[in-house]
Amino acid sequence: MIIPPSIKTQRLIIRRHVPEDLEPMRSFFSDEEATRLLDMTPEQKTEEAVHSLLDAVIASYDSGEPIFAMAIVEKEWGKFVGSCGMAPDDLEPGEIQIFYVILPEYQGRGFASEAAAGLVDHAFTKLGVERLFASMAAENATSVKVAEKLGMTFEGSAERELNGIVYQGSRYSLTKSRFFEVREKEAD
């Protein structure tokens, strides 16, 4: 999957990560409340782990196997407000998962919906992806709302084990044809 330099939406620039993203990412991952609904271990949320993750993502952009993780930046102030991306599903070969995370201080402003919509548009119109899905903690009503706003439909409950911890979630999906149907209706 080719990672574009940026994807622009009305209020956001979704761009490749840079080393300066470390501080807001470290701050986010160290916030227990902000990350409680993510299926990540405490070890993955440490400063060292976040630094390693960011370094790996940045290094991957020009490799044969790039990691499709990008920063979400608000255009007007140039502030890092979150991260989003796409990844092949470990359990379902051929399936592509989208993800989006907004820093707590920027939540409630529609940035997750706008960034996810930009990502979905890019996946279907530029990358030729046929189907996307999103998984989220069942109690994460905000992420469910974002998925539904994108036109995704509920597929069912999802259970995932990570380092001995079982996470319960919901799975939503969207096909390319449904995406274009929804887009056409919005244009009318």
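The values are calculated or read from the model by the stated rules, or taken from the named source; none is laboratory data. Every value quoted in this text rests on a predicted model; they were computed, and no experiment measured them. No Cβ is skipped: glycine too gets one built from the backbone with ideal geometry, and neighbour counts run over all protein chains shown.
Structure data summary
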item	result
Sole residue being crowded, with 18+ Cβ neighbours inside 10 Å, outside any loop (DSSP other than H, G, I, E, B), β-branched (Val, Ile, Thr) and out of contact with any Leu (no Cβ under 8 Å at 6 or more places or on another chain), chosen from Val101, Val57, Val50	Val57
Qualifying positions in the range 54-100 - of a type in the set (Phe, Trp, Tyr) and under 17 Å from Lys8 (Cβ atoms)	Phe68, Trp77, Phe80, Tyr100
Candidate set: the range 29-47, residues that are in a helix (DSSP H, G or I) and of a type outside the set (D, E, K, R); chosen: the one farthest from the chain's Cα centre (by Cα)	Pro42
Qualifying residue in the range 75-98 (condition: of a type in the set (Gly, Ala, Ser), closer than 19 Å to Glu32 by Cα and surrounded by 12 or more Cβ atoms within 10 Å (Cβ to Cβ))	yes
Top-ranked residue of the range 1-23 - restricted to ones that are among the polar types (S, T, N, Q) and assigned to a loop (DSSP other than H, G, I, E, B), ranked as nearest to the chain's Cα centre (by Cα)	Thr9
Pairs, first in contact (Cβ under 8 Å) with a residue 60 or more places away in the chain in the range 124-141, second surrounded by 15 or more Cβ atoms within 10 Å (Cβ to Cβ) and acidic (Asp, Glu), C-beta under 8 Å, six or more apart	Ala137/Asp39
In the range 93-144, residue nearest to the chain's Cα centre (by Cα) [restricted to those that are under 26 Å from Ser30 (Cα atoms) and among the polar types (S, T, N, Q)]	Gln97
Any hit, the range 39-46, residues being without any contact (Cβ under 8 Å) to a residue 40 or more places away in the chain and β-branched (Val, Ile, Thr)	yes
Evaluation of Arg26 against (1) more than 16 Å from the chain's Cα centre (by Cα); (2) surrounded by 18 or more Cβ atoms within 10 Å (Cβ to Cβ); (3) within 18 Å of Ala116 (Cβ to Cβ) (one fails), failing number	(3)
So Lys176, is it closer than 24 Å to Phe28 by Cβ and modelled with pLDDT of 90 or more	no
Evaluation of Lys45 against (1) closer than 26 Å to Lys126 by Cα; (2) surrounded by 17 or more Cβ atoms within 10 Å (Cβ to Cβ); (3) of a type outside the set (Asp, Glu) (one fails), failing number	(1)
Candidates Ile7, Ile14, filtered to the one that is touching a Cys at 6+ places or on another chain (Cβ under 7 Å), more than 27 Å from Glu159 (Cα to Cα) and buried (at least 17 other Cβ atoms within 10 Å of the Cβ)	Ile14
Test: residue in the range 79-92 that is in a strand (DSSP E or B), within 12 Å of the chain's Cα centre (by Cα) and more than 17 Å from Met40 (Cα to Cα)	no
